[in-house]
Amino acid sequence: MASAHPATPQVGPKPGSQQTGPPTATEHHSPDAPGSALDTESPPQSTAASQLRSQTGIDLEVALPVAATTPESLPRPAAGTVLAEPVGILSAPNPASSPAPARGPEDGAAAHLGGVSTAEIDIVDQKFQRLLVTVRANRPGDDLEIIRKAWQFCLQQHEGQKRQSGEPYVIHPLEVGQVLAEMKMDSTAIAAGLLHDAVEDTDVTSVEIAKRFGEQVAHIVEGVTKLDKIKFANREDHQAENIRKMLLAMVTDIRVVLIKLADRLHNMRTLEHLKPEKQQKIARETLDIYAPLAHRLGMGKLRGELEDLAFRYTDPYAYQQLAAEVDALRGEGESFLRRIVAEIEQKMREFHIQGRVESRIKRLYSIQQKLTTQQIPIDQVYDLLAIRIICSSVQDCYALLYPLRSTWQPVPGRSKDFIVMPRPNQYQSLHETLIAPGGHQFEVQIRTEDMHRVAEEGIAAHWKYKASDSVTAKDEARLAWVRQLMEWQREMTDPNEFMSTLKIDLYPEEVYTFTPKGKVVVLPKDASPIDFAYAIHTEVGNTTTGAKVNGRIVPLRTKLRNGDIVEISTQTGHAPSRDWLSFTKSSRARNKIKHWINEHQRERAIEIGKKLLEREARKYKLSLHKFEEKDYVRVAAEYGLGSQPELLAGIGFGKYSTRQVLNKLEPGSTIAVEPVSAAEAVGNTLGQMSDAVKRVFFGKGSDSLQVEGQDDLLVYRARCCNPIRGEEIIGYVTRGKGVAVHARSCPNVQNLLYESDRRIQVEWAAAPTDSSKAAAGKATTYPVKLTVLCDDRSGLLKEFTAIIADDGTNIRSVESVTVDGTATVDFVVETVDVRHLNRLVLNLRKVPGVRDVHRVQKI
């Protein structure tokens, strides 16, 4: 697959034609469609690597230039042969000759691009030619007729549609088809790629697609079509259900997700012309869902490009800063790698080992992750420079270890054998970190040609050499986690719970443990014996009472390590504990625990709700016996619920007011029946409390929060994450304390999801106007803790405080610690909202010597 940067120029027209200027980018899909974006088209990877690096620093991990798939570089047919029947190709005449005669759809489809220039027609024509040539070169036995028919249909359905830049919309599905062709996908997948927006953006139905192109194409197109016709409560629910739908379709046909990834890749390559807010949203979704999904399917090359493109928009300043640092090290690093490659090649000749050697500099996003998690400067990233050795056999892979270790000093603990123990995505390789003279560390990856192909292309490699629909055991292993997730999702009615589970499953860091009989159990990093128990069987997990690791009794929260032999003790009738959620890591264990607790908590909540409603009814001298089930269902429907038990459970969890429910059952029944109690008087005068009292009881900033549809519930900001205005928030009913409001990014939110009945929608109150600010005297501010990691030097603290003061921000406290020339400075500042905080963080990052600035949730 060609790897390119969004800012690179468009592929030009055919020789002899004129071009009025490179097409610019526009948005893909409707402006509100999640995950849609466009930009200028990128060139193939035949462009010199040095040119790409000089422009942006992207595509750092490409070891050697890959053959381009432009019409100029692909093999041309012999003179006199016909490449393909020109059905659906837009053939543009030479503008220098006489004006082009008017043409209709039967002449090639120029009419379907109404209002476009001959240069644009020529570009589209050339792109479709390139697609056909790529398919013919990669899969010579495939029938191209379905591709031509799909292209013709695509042109007809997207007639008159333009991107914001003015270029024809059809360029997007055509580029998605090109990405799939470069993956060596079959004609069915490419046809579906050309049609992937037809159902979503036009009046075409899935039934019509099935009639014209067959059930397979229709199933794939339906799988990638977003649920835009269904109204959802919020954007998160919409996103979750779209992802769930895609994964369900992916279980039966993996090509669904490959087309979705190709679609997202082209959107990311063409993102720069969107508004910054939309760029951030799409890039963040790419990092959270699509890049990890590509990694889970073993598609390392596509994942790398998605991550680097998304990094450019999620954190532009860090991206530019890191690209400059990498460029500064590039010259020395590349000369070092050339020397190492020459020495390795010499060793391979001496030991008669067949293979080839590649070198690369680590990708920008991967470097940034290391810098952030390990809090180190770039010169301490041990695998910044890497060598990849592709051997002819597995025996040669292991045989090469001796000459490498005898030539350079191995780093203890850095040897990893993924050939014997492959990763869950079937990645296989030997990893060895070595130290060269002068203290330079570099990583060596040794693998066979087949392992290399699987590491780069993952499950897409299946289509390279097979024309059948059969799925190999390795492909099944890659999809096993998806099938498992789809089984669990039946128990997950809540979209947020589904997304949290998916995100856990998309980031696998494995620990290999064993049963006493020697069976391997693969668990997430830092997993506990509880995770192990649930991996064996749900009933084993539910009845676990103790565990032995390597023959010794250990606490259930013990973190398991590679090679541990685990024994589980069980007792009939024992039940899971809510505390287990604080240390279990696997999604299977967490889902089973949440399910058990939710079922039993719900039964208890229904009982409590019934008693609370009866007590409130007695207070107003109202009999509940006169109300039938249909009355409760009517009131439940007003709250968006479907049954009487759901309404009673909501009351029991404290989510709904009993007084409001009674008033809905019999309007006017709770008005002035008896004098207002002292407790209610306190509730009604909450809005009249002084600011000082509110700060003591509910925390500063609580008056800017409100519960959707409720006016008599206490609301306060959770201290574990201290959300500030502008952040996405979620409410959680806390018994006896009101509604705790958490930031959606708060780690504790994941632990609270098991009781979905206690979650409630909250929102920030309308932002104060200038007149109201003037009347109040000062805008509401929120305390936020910032940690700055930087190189120690004199005058640094003065620069920091000056920047904060110039921004009009108050500093509550400052703490500074210096260790080995690295300073860590903690500020607690008062900020108005997220935008104010982001501006402050960006200004602090610009100070020379600053490595990282991040927010600490808990103060």
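The values are calculated or read from the model by the stated rules, or taken from the named source; none is laboratory data. Just so we're clear, the structure is a prediction, and the values are computed from it rather than from any experiment. Virtual Cβ from ideal backbone geometry, glycine too; neighbours counted across all protein chains shown. Surface areas here come from the heavy atoms of the whole protein model, side chains and all, with no ligands, DNA or RNA. Shrake-Rupley method; radii C 1.70, N 1.55, O 1.52, S 1.80 Å.
Considering the range 817-838, and only residues there that are β-branched (Val, Ile, Thr) and closer than 15 Å to Leu797 by Cα, the residue that is surrounded by the fewest Cβ atoms within 10 Å (Cβ to Cβ) turns out to be Val817. Among residues of the range 793-814 that are hydrophobic (A, V, I, L, M, F, W, C), none has a Cβ under 6 angstrom from a residue that is exposed (fewer than 11 other Cβ atoms within 10 Å of the Cβ) at a sequence gap of 6+ or on a separate chain.
Does any residue in the range 542-557 that is within 12 Å of Ser528 (Cβ to Cβ) and touching a residue at least 24 places away in the same chain (Cβ under 8 Å) come within less than 7 Å, Cβ to Cβ, of a residue that is among the small types (Gly, Ala, Ser) and in a helix (DSSP H, G or I) six or more places away or on a different chain, and which pairs are these? Note: pairs meeting the criteria are Thr544/Ala533.
Can you tell me which of Phe653, Phe627 is open to solvent by less than 70 Å² (accessible area, probe 1.4 Å), modelled with pLDDT of 80 or more and of a type in the set (Phe, Trp, Tyr)? Step through it out loud before you land on a result.
Details: Phe653 fails: modelled with pLDDT of 80 or more.
Exactly one residue qualifies, and that residue is Phe627.
A single member of Asp531, Asp450 is part of a helix (DSSP H, G or I), modelled with pLDDT of 85 or more and closer than 30 Å to Leu337 by Cα, and it is Asp450. Determine whether Val221 is farther than 18 Å from Cys154 by Cβ, at pLDDT 70 or above and in a helix (DSSP H, G or I). So Val221 fails the test. Of all the criteria given as (1) closer than 30 Å to Leu306 by Cβ; (2) assigned to a helix (DSSP H, G or I); (3) open to solvent by less than 30 Å² (accessible area, probe 1.4 Å), the one not satisfied by Glu457 is (3).
Being over 21 Å from Val381 (Cα atoms) and touching a helix residue (DSSP H, G or I) at 6+ places or on another chain (Cβ under 8 Å) is a condition met by no residue of the range 788-799.
Considering the range 433-451 alone, what residues qualify as being more than 22 Å from Glu332 (Cα to Cα) and surrounded by fewer than 22 Cβ atoms within 10 Å (Cβ to Cβ)? Write out each step before concluding.
Our first condition is that a residue be more than 22 Å from Glu332 (Cα to Cα); within the range 433-451, this holds for 446-451.
Within the range 433-451, Thr448, Glu449, Asp450 meet the criteria.
Identification of helices (runs of 4 or more DSSP H) wholly contained in the range 124-195 with 1 or more residues that are modelled with pLDDT under 85 yields 145-157. Flag: Ala318 matches the condition of being of a type in the set (Gly, Ala, Ser), modelled with pLDDT under 90 and outside any loop (DSSP other than H, G, I, E, B).
Checking each residue in the range 804-816 for being of a type in the set (Val, Ile, Thr) and surrounded by fewer than 16 Cβ atoms within 10 Å (Cβ to Cβ) picks out Ile811, Val814. Of the helices (runs of 4 or more DSSP H) that lie entirely inside the range 572-667, those containing 1 or more residues that are among the aliphatic types (A, V, I, L, M) and in contact (Cβ under 8 Å) with a residue 60 or more places away in the chain span 587-619, 644-652.
Matching residues to (1) assigned to a helix (DSSP H, G or I); (2) under 30 Å from His600 (Cα atoms); (3) at pLDDT 90 or above:
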site	(1), (2), (3)
Trp488	yes, yes, no
Glu491	no, yes, no
Lys503	yes, yes, no
Gly541	yes, yes, yes
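Report whether or not Thr658 is modelled with pLDDT of 80 or more and over 30 Å from Phe532 (Cα atoms). When the stated conditions are applied, Thr658 passes them. Kindly establish whether Leu329 is under 30 Å from Pro292 (Cα atoms), open to solvent by less than 70 Å² (accessible area, probe 1.4 Å) and more than 28 Å from the chain's Cα centre (by Cα). In short, yes.
Take the conditions (1) at pLDDT 90 or above; (2) hydroxyl-bearing (Ser, Thr, Tyr); (3) under 19 Å from Asn748 (Cα atoms); Thr584 misses just one of them, which is (1). Evaluating Glu208 against the criteria (1) touching a strand residue (DSSP E or B) at 6+ places or on another chain (Cβ under 9 Å); (2) without any contact (Cβ under 8 Å) to a residue 60 or more places away in the chain leaves one unmet condition, (1). Only one of the numbered conditions (1) surrounded by 17 or more Cβ atoms within 10 Å (Cβ to Cβ); (2) over 25 Å from Gly821 (Cβ atoms); (3) free of Cβ contacts under 8 Å to residues at least 60 places away in the same chain is not met by Ile340, and that is (3).
Restricting attention to the range 265-275, report how many residues are open to solvent by 10 Å² or more (accessible area, probe 1.4 Å) and either in contact (Cβ under 8 Å) with a residue 24 or more places away in the chain or touching a strand residue (DSSP E or B) at 6+ places or on another chain (Cβ under 6 Å) (or both). Qualifying residue count, the range 265-275: 4. Evaluated against (1) buried (at least 20 other Cβ atoms within 10 Å of the Cβ); (2) of a type outside the set (Ser, Thr, Tyr); (3) over 26 Å from Ala318 (Cβ atoms); (4) over 25 Å from the mean Cα position of the chain (by Cα), Gln426 falls short on exactly one condition, (4). Filtering the range 196-213 to residues that are β-branched (Val, Ile, Thr), in a helix (DSSP H, G or I) and farther than 29 Å from Ala294 by Cα leaves only Val207.
When you scan the range 762-775, do you find a residue that is crowded, with 20+ Cβ neighbours inside 10 Å and either more than 24 Å from Leu844 (Cβ to Cβ) or modelled with pLDDT under 80 (or both), even just one? Taking every residue of the range 762-775 in turn, at least one turns out to be crowded, with 20+ Cβ neighbours inside 10 Å and either more than 24 Å from Leu844 (Cβ to Cβ) or modelled with pLDDT under 80 (or both).
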